[in-house]
Amino acid sequence: MEIPTIVGAGLIVIGVGIGIGRIGGSAMEAIARQPEASGKIQSAMIIAAALIEGIGFAALFAA
Amino acid sequence: MYFCADFKMTLESRVMQTKRFGFLVLLFSFLMSTSMMASDSHGESGEISMKEQIRKDIDHHLKDSHSFHLWGDHDEGTAVGFPLPIILWDGQIHTFSSSEFHHSENNVVESKGSYFREYHSKIYSTDAEGSITYDENHEFVANDKPIDFSITKNVFSLILISALIFWIFSTVAKRYKNDPVPRGMSKIFEPLVIFVRDEIAIPNIGEKHYKKYMNYLLTVFFFIWMINLFGQTPLGINITGNIAITFALALITFLITTFTANKNYWGHIFWMPGVPYLMRVVLAPIEVLGMFIKPFALLIRLYANISAGHVVIMSIIGLLFVFENWFARGAFLGLGLFLSVIELLVAFLQAYIFTMLSALYFGSAVEEPHADH
């Protein structure tokens, strides 16, 4: 595995981590504001996380 | 004094507790069995080092093969499994069992006058000695390949799992004829079907049209979920981790979206309302590209998630053989177990995401024009 591949993979994981982290964070804030809507917020969070992970995996496979 | 007046557990709750505990034990032992199936033939076999042996075995688990190899080792002669039929077409049909490839030294089989050779798990047409010619750059094999319709491990498992799903649902459906209350197996599957209908189909497609698509959505949901779950078993079945299978699923979604779309959908792609005319010309190619990229993302997401999961778990199990220290082995076994449990969640989640996004695309295909343009 050459260096550019590894650096690329690292960047991808950073990107995915930041993205999912932000979604998780805003989901937590939203649940804190309105605990009744926590079911909907949770489903939306999981969906968004899966989408981001999809891109992450695709890019990891290419790298 | 208020003693715990309801400490006296009823018989039913005790049964439930035992059942729950028994289920957990079963689950953990099942997941551990994946590690156990990694047979001890991974010992030093002389020429190949441990790491290469592990890599070879992971590869073997991920790829398709022409025989169903359950456990044991080919070289030591303790392999247990069964060969699958091979069906080839190169002008005439050739069928033979894949065990014949192992009978001759060069993996050459003769059938109706033409010779075939299995080389690196692909079948090529060749001559009586089984010669393989490479092209100029020495990268690809230049022999002709017959069209390969064989029943391979993936096809065989697909047929089995489809038969299982078909049997489950036809039984469940038959039970509803006489008795509207669900019993037995229906108790699990009715909430799941309602989940697909109320959480996936209706919010995305709308009340008017969702019934047309329910068949496909239900099929794809349970199909992907069951196949992902079977991929976690120690049998080494890796169906959704095969890009051809996910490609077929995404292709069907794409075809259904394209062929049941109404004028509003095409309008939004080529001549979107509410956008200045110059921008429409610019945006139209991007939208056309998006039309193809969306199913492509579906395909890549499912393939990459499942393959990556399999590779990670098998690598961790492989690490068990590299390390000599028992403490490290225990830690990696625990990690592998933990990841297996997460893989169960991923199995469900990927099925849910695929179905939900398909429903979203179907919804955009049958959307009525709304008033804000």
Among residues belonging to region B:301-327 that are without any contact (Cβ under 8 Å) to a residue 60 or more places away in the chain and within 13 Å of chain A (Cβ to nearest Cβ), point out the one that is nearest to residue B:232 (Cα to Cα).
B:309
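Which is under 24 Å from residue B:352 (Cα atoms) and either surrounded by 13 or more Cβ atoms within 10 Å (Cβ to Cβ) or within 11 Å of the chain's Cα centre (by Cα) (or both), of A:9, A:37, A:44? Walk me through it before giving the result.
Values: A:9 fails: under 24 Å from residue B:352 (Cα atoms); A:37 fails: either surrounded by 13 or more Cβ atoms within 10 Å (Cβ to Cβ) or within 11 Å of the chain's Cα centre (by Cα) (or both).
Criteria check complete, one pass: A:44.
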All but one of (1) of a type in the set (Val, Ile, Thr); (2) more than 16 Å from residue B:212 (Cα to Cα); (3) surrounded by 19 or more Cβ atoms within 10 Å (Cβ to Cβ) hold for residue B:366; state the number of the condition that does not hold.
(2)
Restricting the first residue to region B:208-232 and requiring it to be among the aromatic types (Phe, Trp, Tyr), which pairs with a second residue that is surrounded by fewer than 20 Cβ atoms within 10 Å (Cβ to Cβ) and not in a helix (DSSP H, G or I) meet a Cβ separation below 9 Å and a spacing of at least six or different chains?
B:213/B:260; B:213/B:366
Residues in region A:50-63 that are under 16 Å from residue B:296 (Cβ atoms), at the interface with another protein chain (Cβ under 8 Å from one of its Cβ atoms) and surrounded by fewer than 19 Cβ atoms within 10 Å (Cβ to Cβ) total 3
Could you check region B:254-266 and list, in sequence order, the residues that are modelled with pLDDT under 85, part of a helix (DSSP H, G or I) and surrounded by 12 or more Cβ atoms within 10 Å (Cβ to Cβ)?
B:264, B:265, B:266
If the requirement is being out of contact with any Phe, Trp or Tyr (no Cβ under 8 Å at 6 or more places or on another chain), surrounded by fewer than 20 Cβ atoms within 10 Å (Cβ to Cβ) and without any contact (Cβ under 8 Å) to a residue 12 or more places away in the chain, which of these qualifies: B:286, B:269?
B:286
Of the residues A:20, A:31, A:47, A:41, which single one is away from chain B (no Cβ under 14 Å), assigned to a helix (DSSP H, G or I) and closer than 27 Å to residue B:358 by Cβ?
A:41
May I ask you to list the residues in region B:49-68 that are surrounded by 13 or more Cβ atoms within 10 Å (Cβ to Cβ) and either modelled with pLDDT under 70 or among the small types (Gly, Ala, Ser) (or both)?
B:65, B:67
Count - residues of region B:158-175 that are closer than 15 Å to residue B:221 by Cα and among the small types (Gly, Ala, Ser)
1
For residue B:342: the one exception among (1) within 14 Å of chain A (Cβ to nearest Cβ); (2) touching a helix residue (DSSP H, G or I) at 6+ places or on another chain (Cβ under 7 Å):
(2)
List every residue pair whose Cβ atoms lie under 6 Å apart, where the two residues are 6 or more positions apart in sequence or sit on different chains, the first residue falls within region B:328-356 and is closer than 20 Å to residue B:200 by Cβ and at pLDDT 85 or above, and the second residue, located anywhere, is crowded, with 21+ Cβ neighbours inside 10 Å and polar (S, T, N, Q).
B:347/B:228; B:350/B:305
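The values are calculated or read from the model by the stated rules, or taken from the named source; none is laboratory data. Computed from a predicted model, the values in this text were never measured in an experiment. Because the Cβ atoms are built from the backbone with ideal geometry, glycine has one as well, and the counts that use them run over all protein chains shown.
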